[in-house]
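Following: one structure in structure tokens, then a few remarks.
Read the figures in this text as sums done on the coordinates, not as results from a lab. Because the structure is predicted, anything quoted here is derived from the model rather than measured. Here the Cβ is made from the backbone with ideal geometry for all residues, glycine too, and neighbour counts use every protein chain on show.
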Amino acid sequence: MVRLAEDMYAAWIAFASGENPGWPSYDLDRRPVMRFDTTSQVVNDPKPAERTIWDGVFATDWGLHNAR
């Protein structure tokens with residue numbers, strides 16, 4: 001558990017300092033995110049069904065219908 005906390009802390013400090021946190025920048029094509037765990041790894045678009053359920057909900061409210 002200590003290793004997980006250390007990895008998350010180091011990534012946050014790097015990000016907050018304007019440095020590379022250790023994974024690619026987010027983009028709408030791949031949607032890469034870091035999954036922190038005992039073995040952390042970059043995962044592209046985890047749980048797309050849960051993400052897409054929100055499509056259109058906020059876009060309508062904010063005028064972002066086709067925002068990318």
Where the convex hull is taken over the Cα atoms of the stretch 1-60, what is its projected area averaged over directions, in nm²? 5.3 nm²
Any idea what the dipole of the stretch 2-62 comes to, in debye rounded to 20, about its Cα centre with Lys/Arg Cβ at +1 and Asp/Glu Cβ at -1? 140 debye
Please give the length that would be gained between Asn20 and Lys47 if that part of the chain were fully extended, namely 0.36 nm times their separation in residues minus their C-alpha to C-alpha distance (nm, one decimal). 7.3 nm
Calculate one ³J(HN,Hα) per residue across the stretch 44-52 by plugging θ = phi - 60° into the Karplus curve 6.51 cos²θ - 1.76 cosθ + 1.60, and present them in order as whole Hz with x for glycine and proline. 8, 6, x, 6, x, 5, 6, 5, 6
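With a cut-off of 8 Å between alpha carbons and a minimum separation of six or more residues, what is the relative contact order of the stretch 2-62 in percent?
Numbers: 44 pairs, mean separation 12.8, N = 61.
RCO, the stretch 2-62: 21 percent.
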